[in-house]
Structures are given as structure tokens and as C-alpha cells.
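A short worksheet on the structure shown next.
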Amino acid sequence: MKPYVRGKNIALREVTLNDAAFLVRIRTDPELGKHLSPTAANVEAQEKYIANYLTSQTDFYFVIADYQQNALGSIRIYDIKGASFCWGSWILLKEAPATAAIESALLIYDFGFFSLHYEKSHFDVRKTNTKVVSFHTRFGARIVREDDLNYYFEFDRHAYLQTRERYDRYLP
């Protein structure tokens with residue numbers, strides 16, 4: 001079993017086969033999943049994806065949950081390149097607490113930088129996902145390139161440490 005990452009108000013817990021229906025529901029929701037890679041509305045296919053993921057030694061797939069174990073969303077670490085991790089598949093239900101976005105981002109960075117000891121993070125965001133682009137630039141990530149569809153970001157541990165000080169009230 002991979003780690004359970006505990007925050008102030010939420011936790012990141014590793015996905016299980018029992019999460020397949022929840023993940024299909026949020027990923028295929030027209031509003032929540034519109035900026036993600038397409039997912040088939042097939043719970044069995046999602047179970048196979050999760051079963052395959054569970055054999056990985058480098059990928060981490062979490063359900064974002066409150067302390068009553070109510071699932072609020074998902075987030076992943078994948079696409080490891082040397083000393084850099086990618087994170088994404090970041091979805092939060094509309095009814096998630098207002099601080100869940102900041103707290104889940106802090107938790108995934110803490111996990112990637114301090115538990116896994118990566119030096120930087122890389123990720124892409126659809127240009128049409130303006131709220132998330134704005135979130136990442138305010139957070140301190142920098143756009144290093146772009147194409148017609150995406151902005152490509154990098155965020156190193158040093159820059160994160162500065163950001164983390166500004167947002168420490170969201171951490172335990």
C-alpha cells in the first residue's frame with residue numbers, strides 16, 4: 001500500500017478498486033472533466049486501470065477525501081522524468097470545502113518534494129482552463145512553453161518553499 005497523506009482538513013488516500021465508479025462519475029461529468037483527457041463511462045475499464053496502476057512503483061493516484069472519508073476529488077503523480085514529477089487529474093467536487101484546492105495542491109507538492117525527494121514538478125494545463133492556469137501562476141509555477149492546446153509549467157522545490165510559507169495556514 002502506498003502512503004496516506006494527511007492534511008489539515010483533507011487527506012490524500014490511495015485509490016482502490018472500490019473508487020472506480022466515483023472516478024468514472026467525476027471524470028465523465030461534463031463540467032468537472034471538460035479539461036481532462038477523455039475517460040470512458042465504463043466502471044470495469046476504470047477498475048482495470050486502477051489494478052494496473054496499483055502495480056506501479058512510480059505513479060501515485062489519490063482520492064481527495066475529508067476526515068469522514070467522503071470522497072471530494074482525485075489527484076495523481078505520474079510521468080516521472082529524472083528528478084521531476086508531473087501531477088494532474090486534479091478534480092474537486094463543487095461541494096468540496098473552499099480550501100480543498102489549495103490544501104490538495106500543497107499536499108501533492110509536499111509529497112512530491114519531501115516524501116519522494118523530487119527537485120521539480122512539471123505539468124500542463126489546457127489554455128481554456130483559465131481558473132487553473134491562474135491558480136498555478138499565482139501559486140508560483142512558471143509557464144515554460146505552450147502549444148495550441150496547453151501551457152506547460154514547471155515549479156521547483158525552492159520556489160515551492162517560498163510559496164509554502166505564504167500558505168502554511170492550510171497545512172497541519
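Using the Cα centre of the chain as the reference point, and only Cβ charges (+1 on K/R, -1 on D/E), how large is the resulting charge dipole? Debye, rounded to the nearest 20. Walk me through the intermediate numbers first.
Numbers: 22 positive and 21 negative charges, 65 e Å.
Once rounded to the nearest 20, the dipole reads 320 debye.
Values [x] 20.2, 72; [y] 15.3, 43; [z] 16.9, 52 are given for comparison; Rg and Dmax of the Cα atoms in Å, derived from the coordinates here, is the one labelled [y]. Could I have the simple spin-label model distance between residue 57 and residue 98, label points 7 Å from Cα toward Cβ, reported in nm to one decimal? Computed distance between label sites residue 57 and residue 98 equals 4.5 nm. Each of 137, 113, 123 was scored by the projection of its Cα onto the charge dipole of segment 89-172, and the greatest displacement toward the positive side belongs to 137; charges sit on the C-beta of Lys, Arg, Asp and Glu.
When only Cα pairs below 8 angstrom with a gap of at least 6 residues are kept, the chain shows a relative contact order of 19 percent.
Put a dot 7 Å past the Cα of residue 48, heading toward its Cβ, do the same for residue 127, and the two dots end up 3.5 nm apart.
Modelled this way, with points 7 Å down the Cα-to-C-beta line, the labels at residue 154 and residue 28 are 3.9 nm from one another. Treating cross-link reach as a plain straight distance, find the aspartates and glutamates whose alpha-carbon is under 17 Å from the alpha-carbon of residue 94, omitting any fewer than eight places away in the same chain. Hits, sequence-local ones excluded: 29, 31, 66, 103.
FYI, it's all coordinate maths here, none of it is from the lab. Everything numeric in this text was worked out from a predicted model, so none of it was measured. Here Cβ is always computed from backbone atoms with ideal geometry, including for glycine, and neighbour counts include all displayed protein chains.
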